[in-house]
Amino acid sequence: MLKWLLKFVLQRLLILFVLVVASAILPVASFWLVRDPLGGQLFFWLSPWTCAVWALLISALLGSRFWLGREYVLAWRAARGGYVMSSVKSTALMFLSLFASYFFEFAVILLLPRSLTSLRLLPIAAYAPVGIAALWSVSGGIWSRTDRIVEGRRLADSMNEEPE
């Protein structure tokens with residue numbers, strides 16, 4: 001039983017490691033991969049998965065404004081409905097970006113004539129959902145609610161302080 005559990009955990013860690021390494025390398029290597037038929041196939045099938053990882057990371061990091069401190073992250077999570085709802089929304093965004101990336105790739109392949117320009121456009125189309133997720137996360141909707149929550153907490157803390 002313990003051997004099976006250890007094997008299962010090591011397999012999952014290996015998958016995670018490969019996905020993180022591919023997510024870091026594939027966006028840069030994509031412009032060279034699409035020039036070759038085998039590289040194009042590899043790029044076509046792997047890039048939406050790395051796009052989903054990047055969309056998840058970028059939307060969570062930019063949306064939470066983690067660089068401003070813990071209270072902003074907690075306020076961002078509260079504005080999104082708590083920990084569970086925040087995780088559900090992030091997972092939904094990840095799968096939406098996965099399907100959108102496949103959609104954009106199919107649109108470039110099926111709607112544009114095969115040329116050098118369309119090959120150069122394919123990586124941009126494949127990773128377009130990452131840009132959309134980044135713009136969505138900094139658009140102001142969640143940020144303005146987060147600012148109101150943080151300011152409300154500061155006001156409540158200042159009212160609860162006892163005079164010296």
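The values are calculated or read from the model by the stated rules, or taken from the named source; none is laboratory data. Nothing here was measured: the structure is a model prediction, and the numbers come from that model. Cβ placement follows ideal geometry from the backbone for every residue including glycine, while neighbour counts extend to all protein chains displayed.
Among the residues of the stretch 120-131, just one is surrounded by fewer than 17 Cβ atoms within 10 Å (Cβ to Cβ) and in contact (Cβ under 8 Å) with a residue 60 or more places away in the chain, namely R120. Considering the stretch 1-80, the qualifying helices (runs of 4 or more DSSP H), each wholly inside and each with 3 or more residues that are in contact (Cβ under 8 Å) with a residue 40 or more places away in the chain and closer than 30 Å to F106 by Cβ, run over 2-33, 37-64.
Screening L119 with (1) within 20 Å of the chain's Cα centre (by Cα); (2) at pLDDT below 85; (3) of a type in the set (A, V, I, L, M) gives one miss only, at (1).
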